[in-house]
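What follows is a set of notes on a single structure, which appears directly below.
The values are calculated or read from the model by the stated rules, or taken from the named source; none is laboratory data. On a predicted model such as this, the values are computed, not experimentally measured, just so you know. Heads up, the Cβs are rebuilt from the backbone with ideal geometry, glycines too, and the neighbour counts pull from every protein chain shown. When the accessible area is computed, the model is the full protein with side chains, heavy atoms only, and any ligands, DNA or RNA have been set aside. Shrake-Rupley method; radii C 1.70, N 1.55, O 1.52, S 1.80 Å.
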Amino acid sequence: DAKARGRNRYCFYAPDMAARALERMTIEQGLRRALEHGHFELHYQPVVSLSDQRVVAFEALLRWQHPERGLIGPERFIPVAEECGLIEPIGRWVLRAACQQGAQWLAQGHAPCVMAVNVSARQFGAEDFIDTVRTLLADTGFPPEQLELEITESTLQEIGHSQFVLDALKVIGIRIAVDDFGTGFSSLSLLKHLPIDRLKIDRSFVTDLPHDVNDVAITRAIVALSHTLELQMTAEGIETAEQLGFLRELGCQCGQGYLFARPAPAAELFGAGTGEQAVS
Ligand code: C2E
Ligand code: MG
Ligand code: MG
Ligand code: MG
């Protein structure tokens with residue numbers, strides 16, 4: 001028995017785990033340095049209206065420009081940042097940078113456009129979140145009506161807290177989107193009780209459209225739901241003309257995906273000085 005436990009324990013601390021712990025520590029230290037030295041940057045992906053493919057919004061997506069490893073995507077480091085608490089200062093940086101960029105586009109004469117920013121669970125749960133958002137909007141001068149915060153279903157589970165925070169954000173004038181919709185465990189009462197403006201149907205349901213009958217049924221149901229509840233809808237991860245045609249026919253208003261444009265640095269988004277969007 002003791003021997004078995006001993007062996008289990010040995011297994012528990014297998015080199016694999018030690019390596020992972022080390023990797024985590026390395027990422028955490030790297031993130032601190034990245035914050036200090038300004039190694040984060042935002043890429044922006046257009047969100048288009050499916051009926052005419054006009055750009056209606058940009059989603060700000062975080063990238064880490066690592067001095068040795070090159071560009072690192074958020075899926076590699078956001079979970080670590082979330083665990084060690086660094087997501088709060090990083091999230092503040094993201095919000096500030098996105099609002100600054102949005103304000104700059106306005107100042108340059110671009111048509112008003114929604115800026116969508118992802119908010120993690122820990123950020124959303126932080127006591128000073130509402131104050132932080134209010135301060136950043138005041139500092140940057142970005143209009144609250146043009147800011148859309150993307151929050152996942154699972155983050156919204158604690159309905160009392162969510163109601164309180166979302167109500168306060170609505171008072172400021174900010175728009176709310178539920179991100180990765182369909183992948184969490186949200187009850188539909190979440191949608192009924194919370195002041196939500198938009199559902200973003202997760203890419204995993206879009207990928208196999210229109211061939212997978214289950215994905216077709218799910219997508220159809222979500223579009224119908226959003227119509228009934230008068231929510232706006234965006235489909236994520238549109239890569240083919242076939243997917244686009246199918247979603248447009250269903251009545252999905254907006255879409256985002258490589259078919260239209262990949263996320264790119266701000267400098268690559270607009271044609272030189274014409275005010276025309278490079279995408280469309
Ligand atoms: P998300 O918010 O669901 O963002 C959409 C992701 O899908 C982005 O990945 C985007 O590049 C990718 N994507 C867009 N169109 C397509 C497509 O047609 N095909 C495929 N295969 N992918 C597509 P990215 O930039 O790697 O971000 C991944 C996730 O990381 C985001 O998912 C979001 O949850 C999180 N994230 C990104 N930036 C931030 C941030 O500033 N703060 C927080 N808390 N999370 C962020
Ligand atoms: Mg998002
Ligand atoms: Mg999403
Ligand atoms: Mg997603």
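Of Thr132, Thr155, which residue is within 24 Å of Glu82 (Cβ to Cβ), out of contact with any Ser or Thr (no Cβ under 9 Å at 6 or more places or on another chain), open to solvent by less than 30 Å² (accessible area, probe 1.4 Å) and in a helix (DSSP H, G or I)? Reasoning before the result, please.
On the way: Thr155 fails: out of contact with any Ser or Thr (no Cβ under 9 Å at 6 or more places or on another chain).
Every option except Thr132 fails the conditions.
Out of Ala107, Ala97, Ala138, one residue alone is in contact (Cβ under 8 Å) with a residue 12 or more places away in the chain and either aliphatic (A, V, I, L, M) or within 16 Å of ligand 4 (Cβ to nearest atom) (or both). It is Ala97.
Applying a threshold of 7 Å to beta carbon distances and a minimum spacing of six or more residues, or different chains, the list of pairs starting in region 187-198 at a residue that is touching a residue at least 12 places away in the same chain (Cβ under 8 Å) and ending at one that is of a type in the set (Ser, Thr, Tyr) reads Leu194/Ser162; Arg198/Thr234.
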